[in-house]
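A quick write-up on the structure given underneath.
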Amino acid sequence: MRVTASAPGKVILVGEHFVVENEPAVALAINLRALVTVEDNEGSDVFYSKNLGAFVEVKEGRVLKGAGDGFEVLRPLVKIADILRQYSSVKKPFKLTVNSSIPPASGMGSSAAVSVAACAALSRFFNLDIGLDDISKIAYEAEKIVHGKPSGIDNTISTYAGAIIYRKSEGFIRLDIQIDSAAVIIADSGIPRRTGEMVKQVRDLKKRYPEVLDPLYHAAGHLSIEAARALEEGDLWKLGELMNINHGLLSAIGVSNMKLEELVYTARRAGALGAKITGAGGGGCIIAIAYKKKADDIARALKKVASRVYVLEATRKGVSIDEVVS
Ligand code: PMV
(Lines give C-alpha, C1' and ligand atoms only; values in the text may rest on other atoms or scores of the structure.)
Protein backbone atom coordinates (compact mmCIF):
# COMPACT_ATOMS: atom_id res chain seq x y z
CA MET A 1 0.00 0.00 0.00
CA ARG A 2 1.11 3.58 -0.66
CA VAL A 3 -0.61 6.73 0.69
CA THR A 4 0.32 10.32 -0.15
CA ALA A 5 -1.07 13.23 1.84
CA SER A 6 -0.27 16.93 1.81
CA ALA A 7 -0.86 20.05 3.90
CA PRO A 8 -0.22 23.77 3.34
CA GLY A 9 2.21 26.17 4.95
CA LYS A 10 1.11 29.40 6.59
CA VAL A 11 1.94 32.98 7.30
CA ILE A 12 0.90 34.97 10.33
CA LEU A 13 -0.92 37.98 8.92
CA VAL A 14 -1.22 39.89 12.18
CA GLY A 15 -0.82 39.30 15.91
CA GLU A 16 2.39 37.27 16.30
CA HIS A 17 4.07 37.59 19.72
CA PHE A 18 0.93 39.24 21.16
CA VAL A 19 -0.78 35.85 20.65
CA VAL A 20 1.60 34.32 23.20
CA GLU A 21 -0.06 36.51 25.89
CA ASN A 22 -3.54 35.44 24.79
CA GLU A 23 -4.35 38.21 22.31
CA PRO A 24 -5.96 37.06 19.05
CA ALA A 25 -3.85 36.58 15.90
CA VAL A 26 -4.78 35.91 12.28
CA ALA A 27 -3.06 33.27 10.14
CA LEU A 28 -3.44 32.53 6.45
CA ALA A 29 -2.67 29.28 4.61
CA ILE A 30 -0.44 29.68 1.56
CA ASN A 31 -0.09 27.67 -1.63
CA LEU A 32 3.16 25.90 -0.72
CA ARG A 33 2.62 22.33 0.48
CA ALA A 34 4.41 19.58 2.39
CA LEU A 35 3.95 16.13 0.87
CA VAL A 36 4.27 12.94 2.90
CA THR A 37 4.18 9.44 1.43
CA VAL A 38 3.80 6.31 3.54
CA GLU A 39 4.35 2.89 1.96
CA ASP A 40 5.01 -0.73 2.95
CA ASN A 41 8.52 -1.56 4.07
CA GLU A 42 10.39 -4.73 5.05
CA GLY A 43 11.36 -5.29 8.68
CA SER A 44 11.52 -1.80 10.23
CA ASP A 45 10.04 1.71 10.05
CA VAL A 46 12.02 4.23 8.02
CA PHE A 47 11.53 8.01 8.21
CA TYR A 48 13.23 9.99 5.46
CA SER A 49 13.26 13.72 4.67
CA LYS A 50 14.31 14.53 1.09
CA ASN A 51 14.64 18.22 2.00
CA LEU A 52 16.84 17.82 5.04
CA GLY A 53 18.75 14.79 3.77
CA ALA A 54 17.99 13.00 7.05
CA PHE A 55 16.76 9.50 7.74
CA VAL A 56 16.18 7.30 10.70
CA GLU A 57 15.33 3.61 10.97
CA VAL A 58 13.30 2.48 13.98
CA LYS A 59 12.23 -0.98 15.15
CA GLU A 60 10.06 -1.59 18.21
CA GLY A 61 10.94 1.83 19.64
CA ARG A 62 14.71 1.38 19.09
CA VAL A 63 16.72 3.47 16.65
CA LEU A 64 18.71 1.12 14.40
CA LYS A 65 20.36 3.67 12.10
CA GLY A 66 20.27 7.36 11.28
CA ALA A 67 21.96 9.95 9.08
CA GLY A 68 21.99 13.74 8.89
CA ASP A 69 20.42 15.05 12.05
CA GLY A 70 18.33 11.90 11.68
CA PHE A 71 16.53 11.23 14.88
CA GLU A 72 16.35 14.85 16.11
CA VAL A 73 14.60 16.34 13.07
CA LEU A 74 12.42 13.29 12.47
CA ARG A 75 11.47 12.69 16.11
CA PRO A 76 8.12 14.51 15.79
CA LEU A 77 7.10 12.11 13.01
CA VAL A 78 8.19 9.07 15.04
CA LYS A 79 5.96 10.40 17.84
CA ILE A 80 2.96 10.73 15.48
CA ALA A 81 3.44 7.15 14.24
CA ASP A 82 3.66 5.89 17.84
CA ILE A 83 0.44 7.66 18.82
CA LEU A 84 -1.52 6.40 15.80
CA ARG A 85 -0.23 2.82 15.93
CA GLN A 86 -1.59 2.43 19.47
CA TYR A 87 -5.11 2.75 18.07
CA SER A 88 -4.63 0.50 15.06
CA SER A 89 -4.72 -3.24 14.47
CA VAL A 90 -2.38 -2.70 11.47
CA LYS A 91 1.14 -3.36 12.76
CA LYS A 92 3.06 -3.66 9.48
CA PRO A 93 6.26 -1.62 9.03
CA PHE A 94 6.39 1.39 6.69
CA LYS A 95 8.64 3.87 4.98
CA LEU A 96 7.63 7.52 5.40
CA THR A 97 9.08 10.08 2.96
CA VAL A 98 8.82 13.87 3.38
CA ASN A 99 9.01 16.09 0.31
CA SER A 100 8.15 19.68 1.16
CA SER A 101 8.12 22.87 -0.91
CA ILE A 102 7.87 25.00 2.24
CA PRO A 103 11.31 26.36 3.20
CA PRO A 104 12.24 25.09 6.68
CA ALA A 105 12.84 27.46 9.63
CA SER A 106 11.41 30.43 7.74
CA GLY A 107 8.24 31.07 9.75
CA MET A 108 6.12 29.54 6.99
CA GLY A 109 4.92 26.66 9.14
CA SER A 110 6.96 23.93 7.49
CA SER A 111 7.25 21.66 10.54
CA ALA A 112 3.52 21.85 11.29
CA ALA A 113 2.58 21.16 7.66
CA VAL A 114 4.86 18.11 7.61
CA SER A 115 3.34 16.85 10.89
CA VAL A 116 -0.22 17.41 9.69
CA ALA A 117 0.41 15.66 6.35
CA ALA A 118 2.24 12.80 8.11
CA CYS A 119 -0.65 12.35 10.50
CA ALA A 120 -3.15 12.15 7.62
CA ALA A 121 -1.01 9.72 5.57
CA LEU A 122 -0.20 7.47 8.55
CA SER A 123 -3.79 7.34 9.78
CA ARG A 124 -4.93 6.11 6.35
CA PHE A 125 -2.05 3.60 6.23
CA PHE A 126 -3.08 2.33 9.68
CA ASN A 127 -6.70 2.18 8.51
CA LEU A 128 -7.88 4.67 11.14
CA ASP A 129 -10.81 6.93 10.46
CA ILE A 130 -9.82 10.14 12.25
CA GLY A 131 -11.23 13.63 11.75
CA LEU A 132 -9.54 16.99 11.18
CA ASP A 133 -9.67 17.93 14.86
CA ASP A 134 -7.72 14.80 15.80
CA ILE A 135 -5.18 15.38 13.03
CA SER A 136 -4.55 18.90 14.30
CA LYS A 137 -4.30 17.74 17.94
CA ILE A 138 -1.84 14.94 17.17
CA ALA A 139 0.24 17.32 15.02
CA TYR A 140 0.30 19.71 17.99
CA GLU A 141 1.89 16.95 20.12
CA ALA A 142 4.63 16.72 17.47
CA GLU A 143 4.99 20.52 17.31
CA LYS A 144 5.71 20.56 21.05
CA ILE A 145 8.83 18.50 20.37
CA VAL A 146 10.04 21.09 17.83
CA HIS A 147 9.00 24.36 19.47
CA GLY A 148 8.61 23.67 23.21
CA LYS A 149 5.34 25.49 23.91
CA PRO A 150 3.88 26.65 20.61
CA SER A 151 0.62 28.62 20.51
CA GLY A 152 -1.03 25.95 18.31
CA ILE A 153 -1.77 28.35 15.46
CA ASP A 154 0.45 26.52 12.92
CA ASN A 155 -1.06 23.02 13.15
CA THR A 156 -4.57 24.52 13.14
CA ILE A 157 -4.17 26.62 9.99
CA SER A 158 -2.28 23.84 8.19
CA THR A 159 -5.13 21.41 8.90
CA TYR A 160 -8.06 23.66 7.96
CA ALA A 161 -6.44 26.20 5.55
CA GLY A 162 -8.14 29.43 4.49
CA ALA A 163 -7.70 31.92 7.30
CA ILE A 164 -8.33 31.68 11.02
CA ILE A 165 -8.48 34.04 13.92
CA TYR A 166 -6.90 32.26 16.86
CA ARG A 167 -6.81 32.91 20.58
CA LYS A 168 -4.97 30.61 22.95
CA SER A 169 -7.70 30.42 25.59
CA GLU A 170 -10.57 30.16 23.12
CA GLY A 171 -9.29 28.22 20.11
CA PHE A 172 -10.02 29.43 16.61
CA ILE A 173 -12.73 30.63 14.26
CA ARG A 174 -12.49 30.00 10.53
CA LEU A 175 -12.85 33.14 8.43
CA ASP A 176 -14.77 33.34 5.18
CA ILE A 177 -12.03 35.11 3.23
CA GLN A 178 -12.62 37.17 0.09
CA ILE A 179 -9.10 37.86 -1.08
CA ASP A 180 -8.74 36.14 -4.45
CA SER A 181 -7.32 39.36 -5.95
CA ALA A 182 -4.49 39.45 -3.39
CA ALA A 183 -0.89 38.36 -3.85
CA VAL A 184 1.00 37.34 -0.72
CA ILE A 185 4.66 38.23 -1.15
CA ILE A 186 7.20 36.84 1.26
CA ALA A 187 10.79 38.09 1.41
CA ASP A 188 13.41 36.32 3.48
CA SER A 189 16.04 38.49 5.19
CA GLY A 190 18.47 35.55 5.21
CA ILE A 191 19.12 36.29 8.89
CA PRO A 192 18.64 33.14 10.99
CA ARG A 193 16.58 33.43 14.16
CA ARG A 194 15.12 31.14 16.78
CA THR A 195 11.45 31.58 17.58
CA GLY A 196 11.93 30.49 21.21
CA GLU A 197 14.67 33.08 21.81
CA MET A 198 12.63 35.89 20.26
CA VAL A 199 9.59 34.95 22.36
CA LYS A 200 11.75 35.03 25.50
CA GLN A 201 13.26 38.41 24.57
CA VAL A 202 9.77 39.92 24.18
CA ARG A 203 8.56 38.33 27.43
CA ASP A 204 11.52 39.82 29.30
CA LEU A 205 10.81 43.28 27.87
CA LYS A 206 7.16 43.00 28.90
CA LYS A 207 8.19 42.00 32.43
CA ARG A 208 10.39 45.11 32.69
CA TYR A 209 7.72 47.54 31.45
CA PRO A 210 4.28 45.95 32.00
CA GLU A 211 2.35 49.26 32.16
CA VAL A 212 4.03 50.51 29.00
CA LEU A 213 3.53 47.34 26.98
CA ASP A 214 0.07 46.25 28.13
CA PRO A 215 -1.71 48.87 25.97
CA LEU A 216 0.29 47.73 22.93
CA TYR A 217 -0.91 44.16 23.53
CA HIS A 218 -4.52 45.34 23.74
CA ALA A 219 -4.05 47.40 20.57
CA ALA A 220 -2.70 44.31 18.78
CA GLY A 221 -5.72 42.29 19.91
CA HIS A 222 -8.16 44.87 18.52
CA LEU A 223 -6.06 45.08 15.38
CA SER A 224 -6.43 41.33 14.76
CA ILE A 225 -10.20 41.55 15.08
CA GLU A 226 -10.29 44.44 12.57
CA ALA A 227 -7.99 42.51 10.22
CA ALA A 228 -10.28 39.47 10.38
CA ARG A 229 -13.19 41.74 9.35
CA ALA A 230 -11.14 43.19 6.50
CA LEU A 231 -10.39 39.65 5.23
CA GLU A 232 -14.07 38.72 5.30
CA GLU A 233 -15.09 41.96 3.58
CA GLY A 234 -12.33 41.58 0.99
CA ASP A 235 -11.07 45.04 1.95
CA LEU A 236 -7.40 44.70 1.02
CA TRP A 237 -6.68 48.38 1.50
CA LYS A 238 -7.84 48.20 5.13
CA LEU A 239 -5.95 44.95 5.67
CA GLY A 240 -2.76 46.58 4.35
CA GLU A 241 -3.12 49.57 6.61
CA LEU A 242 -3.66 47.34 9.64
CA MET A 243 -0.57 45.30 8.71
CA ASN A 244 1.48 48.51 8.64
CA ILE A 245 0.23 49.46 12.11
CA ASN A 246 1.04 45.93 13.32
CA HIS A 247 4.58 46.28 12.01
CA GLY A 248 4.95 49.42 14.14
CA LEU A 249 3.87 47.47 17.21
CA LEU A 250 6.36 44.69 16.42
CA SER A 251 9.15 47.28 16.07
CA ALA A 252 8.08 48.71 19.43
CA ILE A 253 8.51 45.36 21.16
CA GLY A 254 11.99 45.04 19.70
CA VAL A 255 11.77 42.30 17.06
CA SER A 256 12.68 44.41 14.01
CA ASN A 257 16.10 45.39 12.71
CA MET A 258 17.64 47.40 9.86
CA LYS A 259 17.34 44.59 7.32
CA LEU A 260 13.70 43.86 8.11
CA GLU A 261 12.86 47.58 7.96
CA GLU A 262 14.60 47.79 4.57
CA LEU A 263 12.49 44.90 3.25
CA VAL A 264 9.27 46.35 4.66
CA TYR A 265 9.87 49.82 3.20
CA THR A 266 11.05 48.42 -0.13
CA ALA A 267 7.79 46.48 -0.47
CA ARG A 268 5.67 49.50 0.47
CA ARG A 269 7.55 51.79 -1.92
CA ALA A 270 7.07 49.28 -4.77
CA GLY A 271 3.29 49.32 -4.32
CA ALA A 272 2.37 46.94 -1.48
CA LEU A 273 -0.86 47.77 0.35
CA GLY A 274 0.80 46.70 3.59
CA ALA A 275 4.07 45.12 4.71
CA LYS A 276 5.31 43.82 8.03
CA ILE A 277 7.45 41.24 9.77
CA THR A 278 5.78 37.83 9.80
CA GLY A 279 6.49 35.38 12.60
CA ALA A 280 9.07 35.76 15.29
CA GLY A 281 11.19 38.56 13.75
CA GLY A 282 14.83 39.27 14.59
CA GLY A 283 15.48 37.83 11.11
CA GLY A 284 13.33 35.50 9.05
CA CYS A 285 10.70 36.93 6.73
CA ILE A 286 8.48 39.89 5.99
CA ILE A 287 5.08 39.64 4.34
CA ALA A 288 3.56 42.11 1.91
CA ILE A 289 -0.01 42.15 0.62
CA ALA A 290 -0.71 43.61 -2.81
CA TYR A 291 -3.09 43.45 -5.74
CA LYS A 292 -1.92 40.63 -8.01
CA LYS A 293 -1.13 43.06 -10.85
CA LYS A 294 1.47 44.78 -8.63
CA ALA A 295 3.13 41.56 -7.41
CA ASP A 296 5.89 41.39 -10.04
CA ASP A 297 7.03 44.98 -9.41
CA ILE A 298 7.22 44.33 -5.69
CA ALA A 299 9.03 41.00 -6.11
CA ARG A 300 11.57 42.62 -8.46
CA ALA A 301 12.32 45.40 -5.96
CA LEU A 302 12.58 42.94 -3.06
CA LYS A 303 14.92 40.57 -4.94
CA LYS A 304 17.59 43.30 -4.86
CA VAL A 305 17.63 43.35 -1.04
CA ALA A 306 16.27 39.97 0.13
CA SER A 307 17.90 36.54 0.08
CA ARG A 308 14.73 34.87 -1.29
CA VAL A 309 11.36 36.14 -2.51
CA TYR A 310 8.13 34.15 -2.97
CA VAL A 311 5.02 35.37 -4.76
CA LEU A 312 2.18 33.32 -3.29
CA GLU A 313 -1.53 33.40 -2.65
CA ALA A 314 -3.96 32.22 -0.02
CA THR A 315 -5.30 28.68 -0.29
CA ARG A 316 -8.52 27.12 0.94
CA LYS A 317 -7.14 23.59 0.49
CA GLY A 318 -6.25 22.14 3.89
CA VAL A 319 -4.82 18.72 4.67
CA SER A 320 -5.73 16.19 1.98
CA ILE A 321 -5.16 12.58 1.03
CA ASP A 322 -3.88 12.95 -2.53
CA GLU A 323 -3.30 9.33 -3.58
CA VAL A 324 -3.96 5.83 -2.25
CA VAL A 325 -2.51 2.82 -4.10
CA SER A 326 -3.55 -0.54 -2.60
O1 PMV B 1 8.22 32.60 12.98
P2 PMV B 1 7.26 31.59 13.49
O3 PMV B 1 6.33 31.05 12.47
O4 PMV B 1 7.93 30.55 14.32
O5 PMV B 1 6.22 32.40 14.40
C6 PMV B 1 6.26 32.50 15.75
C7 PMV B 1 5.02 33.21 16.21
C8 PMV B 1 5.06 33.62 17.66
O9 PMV B 1 3.84 34.31 17.91
C10 PMV B 1 6.21 34.57 17.90
C11 PMV B 1 5.18 32.40 18.59
C12 PMV B 1 3.95 31.48 18.63
O13 PMV B 1 4.11 30.34 19.15
O14 PMV B 1 2.85 31.87 18.21
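The values are calculated or read from the model by the stated rules, or taken from the named source; none is laboratory data. This structure is a prediction, so every number in the text was calculated from the model and none was measured. Reconstructed Cβ throughout: ideal geometry from the backbone, glycine too, with neighbour counts over all protein chains shown. What goes into the accessible areas is simple: the full protein's heavy atoms, side chains included, and nothing from ligands, DNA or RNA. Shrake-Rupley method; radii C 1.70, N 1.55, O 1.52, S 1.80 Å.
Leaving out ligands and nucleic acids, and using a 1.4 Å probe, what accessible area per residue does the stretch 217-326 come to in Å²?
Values: 4860 Å² over 110 residues.
Value returned for the stretch 217-326: 44 Å² of accessible area per residue.
For the stretch 246-326, the relative contact order is 25 percent, taking Cα pairs closer than 8 Å that sit 6 or more residues apart in sequence and dividing their mean separation by the residue count.
Could you give the length gained on full extension between Arg300 and Asp204, defined as 0.36 nm per residue of separation minus the Cα-Cα distance, in nm?
Working: separation 96, 0.36 × 96 = 34.56 nm, distance 3.79 nm.
Between Arg300 and Asp204, full extension yields an extra 30.8 nm.
Contact order for the stretch 1-100, expressed relative to its length and based on alpha carbon pairs under 8 Å spaced 6+ residues apart, stands at 30 percent. In this view, the solvent-accessible surface of Leu52, computed with a 1.4 Å probe and all protein chains in place, comes to about 90 Å².
Defining a contact as two alpha carbons under 8 Å apart and six or more residues distant in sequence, what relative contact order in percent does the chain show?
26
Per-residue SASA remark: Glu313, around 80 Å² accessible (1.4 Å probe; ligands, DNA and RNA not included). Placing unit charges on the Cβ atoms of the charged side chains and taking the dipole of the chain about its Cα centre, the candidate lying farthest along the positive direction among Ser326, Ala220, Ser251 is Ser251.
Whenever you get a sec, compute what percent of the accessible area on the stretch 1-105 sits on carbon and sulfur atoms (1.4 Å probe). Before the final figure, lay out the partial values.
Values: 2110 of 4360 Å².
Reported share for carbon and sulfur atoms: 48 percent.
Working note: 222 nm ellipticity from helices only, DSSP H runs with n ≥ 4, each -39,500 (n - 2.57), summed and divided by the residues of the chain, gives -13500 deg cm²/dmol to the nearest 500.
Restricting attention to the stretch 83-242, the count of lysine pairs at 8 or more positions apart or across chains with alpha carbons under 26 Å apart stands at 20.
Shape annotation for the stretch 24-71: C-alpha extents along the principal axes are 44, 22, 22 Å, from largest to smallest. When the Gaussian network model of the chain links Cα atoms closer than 10 Å, the mean-square fluctuations of Ala301, Ala161, Ala267 top out at Ala301.
Straight-line reach from Lys292: taking Cα to Cα under 19 Å and skipping same-chain neighbours fewer than 8 places apart, the aspartates and glutamates in range are Asp180, Glu232, Glu233, Asp235, Glu241, Glu313. Counting only Cβ charges, +1 for Lys and Arg and -1 for Asp and Glu, the dipole size of the chain around its Cα centre is about 640 debye.
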